[in-house]
Every structure is written in C-alpha cells, then in structure tokens.
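**Student:** One structure coming up, written as structure tokens, with questions to follow.
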Amino acid sequence: MSRDNQHITDEELLARFRADGNSDWLGILLERYTVLLFGVCMKYLRQQDASRDAVQQVFLKALSEIPKYPIDNIGGWLYQVARNLCLSQLRGRKDYADEAPLQFIAQPEEVPLSLLIEKEKDIDRLKAELATLKEEQRICVSAFYLEKKSYQQIAGETGYDIKQVKSHIQNGKRNLRLKMESR
C-alpha cells in the first residue's frame, strides 16, 4: 500500500469511490484487509490455495456489491462475506458432514464471533475517539500506533522535537484510555 494513502480512512476511501467511481480507491481499501481476510479463510478452509482463492472471490464480490449498497463498517462487512463464502464452500464438500462437528469446536486460540463483533465495535469507537483528540496528539498517536513510525520519523514529519512527540503520544494515549473507559 502506498504510504501516500495510509492517512485516508476507510470511510473516506469509500466516499471517494462512490463520488468518482474510480476503482483504485476500492483497491486501496481492499488491500488493507487482505491479511485479515486470508486469516479468516484459513481458519475455515485450512488450505492456503483455497484460502487465497476465497480472498479473491471476496474481492470480486466486493467490487460488484459495494457500489450497490451503503456500507458503514467495511471491515465487518468483508469479514462476514469471507465467513459466509467459506461456510458455503464447506457445505459443498462431500466430507463436510463428517468434518463439521470437529472443525467448528472452538479452539483455545480462537475467538468467539461475539467477541470479534464486540472488538469491531470497540475499534470503531476507538477511531471515533481518536478523531476527538487534540490535533498534535491525534497525529502522533496515529503515526506511532497505526503507522508504526518511530519517534524520530514522527518528529521529522511533524516538526515537533522528540520530547514533544513522546509527550503527545503519552497524553493522547491517556486521553484515549479515559474516553474509552468513560463510556
């Protein structure tokens, strides 16, 4: 993914796609979710090639369906499409009936769907709260945690000195935690 587009939110990319119909915006958006979708498909299909094919099918469905419907949470929507596609493929397999009871018993490392949905809501809320931070805190927190930039990189890009960057990150993180705990 181009570093030029990392600052553009999922919602902005969707809005740009809807405004001008340029599928490049959708491509940038889908690229962000490739690894997540592959992981979902591997969880169900347990085969790399089948999972890669399934991710491609999810992308094709997204390209045809996203223009038709308003989608508020693209990550959650893509997750559901991938999950449903994998379950559909499994149902079509002749050995599905024998394998199904074992395959869908939760393993210790697996997270129940209800927790995934709750986590998705928390992420959406975190994004909303991040937008309410002071600009310098929002910029530094986003760059450090979301873009995985170092203090030096952030300082070079923003013009803040290293101590200011550390302070903005620390204060922003504290303010986010307080906002998340207060609701």
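The values are calculated or read from the model by the stated rules, or taken from the named source; none is laboratory data. Model, not experiment: these values are computed from the prediction. Here the Cβ is made from the backbone with ideal geometry for all residues, glycine too, and neighbour counts use every protein chain on show. Note: areas computed on protein heavy atoms with side chains; ligands, DNA, RNA excluded. Shrake-Rupley method; radii C 1.70, N 1.55, O 1.52, S 1.80 Å.
**Student:** Quick one: which of Val55, Val35 is exposed (fewer than 15 other Cβ atoms within 10 Å of the Cβ) and β-branched (Val, Ile, Thr)? It would help to see each step written out before you state the result.
**Tutor:** Values: Val55 fails: exposed (fewer than 15 other Cβ atoms within 10 Å of the Cβ).
None of the other options fit; the residue is Val35.
**Student:** Oh, and also: Of all residues being of a type in the set (A, V, I, L, M, F, W, C) and under 14 Å from His7 (Cβ atoms) in segment 145-175, which is least open to solvent (accessible area, probe 1.4 Å)? Just the residue, please.
**Tutor:** Ile154
**Student:** Conditions: (1) within 24 Å of Ala128 (Cα to Cα); (2) open to solvent by 20 Å² or more (accessible area, probe 1.4 Å); (3) without any contact (Cβ under 8 Å) to a residue 24 or more places away in the chain. Ile71 meets all but one. Number of the miss?
**Tutor:** (3)
**Student:** Would you confirm whether or not segment 83-96 contains a residue that is in contact (Cβ under 8 Å) with a residue 12 or more places away in the chain, surrounded by 14 or more Cβ atoms within 10 Å (Cβ to Cβ) and under 18 Å from the mean Cα position of the chain (by Cα)?
**Tutor:** Yes: segment 83-96 contains one or more residues that are in contact (Cβ under 8 Å) with a residue 12 or more places away in the chain, surrounded by 14 or more Cβ atoms within 10 Å (Cβ to Cβ) and under 18 Å from the mean Cα position of the chain (by Cα).
**Student:** Check Phe104, Phe144 and return the single one that is modelled with pLDDT under 80 and of a type in the set (Phe, Trp, Tyr).
**Tutor:** Exactly one residue qualifies, and that residue is Phe104.
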